[in-house]
Amino acid sequence: TLTLRGTLEPGGRLRRGPSAIELDETGAFVLRLTQVPRAIVLDARDRAGNTSRWRVPVTVVPRRPSKPIRAVHVTAYAWADETLRAGIMELIRERRINAVELDLKDEAGEAGWNPSVPLARRMGSALDVYDLERSVAELHERGVRVIGRLVCFRDPIHAAAAWRAGRRSEVVQTPGGEPYAGYGGFTNFASPAVRKYNIDIAVEAAKLGVDEILYDYVRRPDGPIDSMAFPGLRGTPERAMADFLAQSRVALAPYDVLVGASVFGVAATRPTEVAQDIPAMARQVDYIAPMLYPSHWGPGEYGVDDPNGSPYEIVKRSSRDFVKQVRGAGARVVNWLQDFSYGRDYGPDEVRAQIRASRDAGVDEFLLWDAAVNYTADALAPTAALPALGLSTALPKHAPWPVRIATPKTEGKATTKEAARPLPGLPPNELGEIPVVMHHMVRPDRVGEYDQTPREFRAELELLWRKGYVPVGVGDLGARRIDVPKGLTPVVMTFDDSTIYQLTLKPNGEPKPDTAVGIMLAFAKTHPSFVPAGTFYVNREPFGGTESPAKLLRWLVRNGFELGNHTHDHLPLGDLSDEEVQRQIATGAEVIEQAVPGYEIESLSLPLGATPRNSKLAVRGTWKGRSYGPYAVMLVGANPAPSPFSRAFRPEAIPRIRTSHASWNGEADYAFAYWFRELDRHPEARFVSDGDPATISHREEDSDELQPRLRARARVID
């Protein structure tokens, strides 16, 4: 849900489309929406009759602590041990950490702070090891956050007690009906009683002042799923985990507490391995905490031959995947990092390498794990910010801001058109094809084969609108962030070469009306709910260098467009050495990064469509210490792209359709007019949204086309 609050001057009026928004006597309003759109268009009128229209982009941002978290794991018994506890307090005094993670319930099923939860008392899991309320007060006095780790479904005490009492549906079983023996006993995440027990413990800890609840073992046992049975499970295990977190979120809502979920490092790429679907889980929590311990990765993961000997490389590459998976879900990433030796000695250098890798991947918070609770102080800089008790929410640095747009005329014939409507008779089909359209210059004197006149570009937008297509960027496609209204189809808009015909600003800071951006913005004025979107591929002199290129790049980002890498000099990469390929791409990225510091580039457009001889270098590489990627890679031709959820989708080779000058003339030229005629003739082939970004709807006969790791999100359409 979305709640928008604001204030107009008293006596004014506010509308969203045809619907009036109620104002109180002070002019305050509250707009609540059950579905979150990408943008909201509002029309305001004051008492004097003056009007204004605003497009308000919607950016989902996570709640977060006021200071970046530097935390260590502490067991109940370690906290009760004077020597180990003193070591933790020394880290706090030296400002090496600003948060302590205390076990609320551990892997043995023991709750060492003696909670008053009746079931815990009856089973004997409530132990008097340490005083949680007193510990919270002591740490808060020092400005230190308290994170309560709660191991959920790995619970030998609960599993054994439930089995003995005949409550066998609370236990994961074998197909033969025996208790599953792994881990000493695993409780059934599908059981309402199991869920309630864990949530009851979390709620009591929240009442005692714990700042965060960090769930662990929110998963099924690892191993072949056909060796397990989950009584009462409806749907997939992956969906059940997200449902549990949603139930917990509701129960904890009255308390000022953040909620996180610890997950396997492989969950970003293999969600069914232990039933952890990261995007689905991220929608229900404040943060995802992936366990990225280098010792736990196998050789070759993320292209790293020896992960345990390469802590920087494996943590950075895996972190990037999690950052992409949670984007737009309202959650952030806090990495679990390794401060223990397993198969290789780990000291300050190895721990620091992981922290640096996290930061370079965009994750500036971490929790250190050492089961022995003996942490490497020299690995931690004495810079942890205190106090760290407050909460904040802030827009990301490059989030789009509200934009004032022209108010449609009301005299005579209305110029505003109705919102795009789903085409009749098209059920959801999220394994269908998505057109990716390649644009170059939009200029009145069209000089190139790939150019369009302003009139032709306007006609293209009108056709897309009329036929139920919604513009998105390449980042949405490559990261599988397809979020368009039900019954409509995404169309990816791309613009190569960053020319003055795509964007030039007038002296008042507005785009010139006959540029590609100006035309899209004007189209939005007369087409409600149309949100201009697209990806602009940048060379060394963006937009001709006629004015500050950095200013124009920042303008695009601020107004909701994406930037992509088009290399530095626009040379055909197939003619270059490996070193020169990497130089061209790395320095091309630098053009964007210098103009918009911190911007994450998600894709590359190959100049002239020429693939490097080593095609992997288009996806990622390094030149003189400057790394780039991983990128989605855009080709030049010549057909619609497969769904990003299908087996056929290859982010390293995304085909594009070039623009057309006119309507189709009967030739198989594989350009815009040809392909959109084909999609009209075969509407069953096109991607049609079900309106829910958490699910993937498709026909039963297409089930084999779905990527196996996405099956947890599948919804079969009759």
Take each of the peptides 118-126, 92-100, average the number of other beta-carbon atoms within 10 Å over its residues, and list them starting from the highest.
92-100, 118-126
Rank-order 263-270, 41-48, 558-565, 589-596 by packing density, defined as the average count of other C-beta atoms within 10 Å over each peptide's residues, highest first.
558-565, 263-270, 589-596, 41-48
If you split all Cα-Cα distances of the range 428-717 into 10 Å bins from zero, what percentages do you get per bin, shortest first?
7, 29, 35, 23, 6, 0
Charge dipole of the range 2-52 built from unit charges on the beta carbon (Lys, Arg +1; Asp, Glu -1), centred at mean Cα; most positive-end Cα among 26, 39, 3 is 39
Evaluate the charge dipole of the range 543-679 about its Cα centre and quote only its size in Debye, nearest 20, assuming +1 on the Cβ of each Lys and Arg and -1 on the Cβ of each Asp and Glu.
280
Got a sec? Charge dipole of the chain, +1 on Cβ for Lys and Arg, -1 for Asp and Glu; which of 648, 493, 290 is way out at the positive end?
493
Relative contact order of the chain (C-alpha contacts under 8 Å, at least 6 apart) in percent is 11
R0 of 51 Å, Cβ-Cβ distance residue 127-residue 404: FRET efficiency to nearest 0.05:
0.25
Packing-based exposure ordering (other Cβ within 10 Å, fewest first) of 682, 566:
682, 566
Would you please name the trypsin sites (Lys or Arg not before Pro) within the range 167-250 that are DSSP coil residues with at most 16 other C-beta atoms within 10 Å of their C-beta?
167, 234
Note on the chain, DSSP bridge orientation, antiparallel percent to nearest 5 equals 35
Mind giving me the nanometre distance, one decimal, between the label points for residue 9 and residue 83, set 7 Å out from Cα along Cα→Cβ?
7.3
So which of 324/486; 105/207; 316/624 end up more than 20 Å apart, counting from Cα to Cα?
324/486
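List the relative contact order of the range 64-392 as a percent without decimals, with contacts defined as Cα pairs under 8 Å and 6+ residues apart.
Computed over the range 64-392, the figure is 21 percent.
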Loop-resident sites, the range 625-716, for GluC sites (Glu not before Pro), counting at most 10 other Cβ within 10 Å (DSSP):
667
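With 10 angstrom as the radius, rank 146, 218 by how many other C-beta atoms surround their C-beta, starting from the fewest.
The fewest-first ordering by Cβ neighbours comes to 146, 218.
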Provide the FRET efficiency to the nearest 0.05 for the residue 26-residue 207 pair, computing r from the beta carbons and using R0 = 35 Å.
0.50
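What's the FRET efficiency of residue 393 with residue 445 using the Cβ-Cβ distance as r and R₀ = 51 Å, to the nearest 0.05?
Values: r = 49 Å, r/R0 = 0.96.
For R0 = 51 Å, the calculated efficiency reads 0.55.
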Could you give the radius of gyration (one decimal) and Dmax (whole number) of the Cα atoms in the chain, in Å?
27.3, 84
Counting other C-beta atoms within 10 Å, which of 506, 525 has the fewest, and how do the rest follow?
506, 525
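Since every read-out is calculated from the coordinates, none of them should be taken as a lab result. Just so it is clear, the structure is predicted and the values come from calculations on it, not from any experiment. Heads up, the Cβs are rebuilt from the backbone with ideal geometry, glycines too, and the neighbour counts pull from every protein chain shown.
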